[in-house]
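These notes concern the structure reproduced below.
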Amino acid sequence: MASRAASSVLFLLVTMVGCASAATFTIKNNCPYTVWPAATPVGGGTQLNPGQTWTINVPAGTKSGRVWGRTGCSFNSGGRGHCQTGDCGGALSCTLSGQPPLTLAEFTIGYTNGANDYYDISVIDGYNLPMDFSCSTGMNLHCGHPSCPDAYLYPDDNKKTHGCRGNSNYKVTFCP
């Protein structure tokens, strides 16, 4: 009997994990200057000249993910340097969150039940770039200035997170 119960629990867990899917993030620089987007806990970072895009795949179960743009950066061939805004310990490929000020796209992908993702924009840590953040099955969030109404403005401002059906694609656009 215990073996049958264990098998049933294992089947249920495998089924739940199978329902959760990765999400694709397309990050675009519409600014008239270079932006160095960064993403944690997956993605790292890269350089985007005006008009360029960067695509990252975020696995299901990712909690407290962040994408932000860095400005005024200079890196050597080894990927070490510094950014005027959003710097993450002097690394091109970030493993740490950026230093304020930074406009943040925040997300959780299939973490709670595999059916919904959650996303928001935050300027709690300051504002450095205008940003749009959207989900293919949800609404577009726009933040064009430090007090934008679509963004979290202070830590207990808890009404700005939006749900999105799983299996979604996301788009982050700097200077929309």
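Rounded to the nearest 10 square angstrom, T24 shows an accessible area of 40 square angstrom against a 1.4 Å probe.
Close amide H partners of A23, meaning residues 5 or more places away or on another chain with modelled amide H under 5 Å apart, are V58, A60.
When all protein chains stay in place and ligands, DNA and RNA are ignored, the 1.4 Å accessible-area order of M131, M139, largest first, is M139, M131.
Positive end of the dipole of the stretch 98-172 (Cβ unit charges, origin at the Cα centre): among Y119, Y152, N169, the Cα lying farthest that way belongs to N169. Largest to smallest in accessible area, the residues Y127, Y118, Y152 fall in the order Y118, Y127, Y152 (1.4 Å probe, all protein chains included).
For L48, the amide hydrogen comes within under 5 Å of the amide hydrogens of V35, W36, counting only partners 5 or more places away or on other chains and with H modelled in the peptide plane. Taking all protein chains together, K171, K159, K28 sort by accessible area into K159, K171, K28, largest first [probe 1.4 Å]. The heavy atoms of W54 present about 40 square angstrom of accessible area, all protein chains included, probe 1.4 Å.
Between the amide H of T85 and those of T71, distances stay under 5 Å, these residues lying 5 or more places away or on another chain, with hydrogens modeled in the peptide plane.
The values are calculated or read from the model by the stated rules, or taken from the named source; none is laboratory data. Source: prediction; values computed, not measured. We place every Cβ from the backbone using ideal geometry, glycine too, and count neighbours over all the protein chains shown. Please note that ligands, DNA and RNA were not included when accessible areas were found on the heavy atoms of the full protein model with its side chains. Shrake-Rupley method; radii C 1.70, N 1.55, O 1.52, S 1.80 Å.
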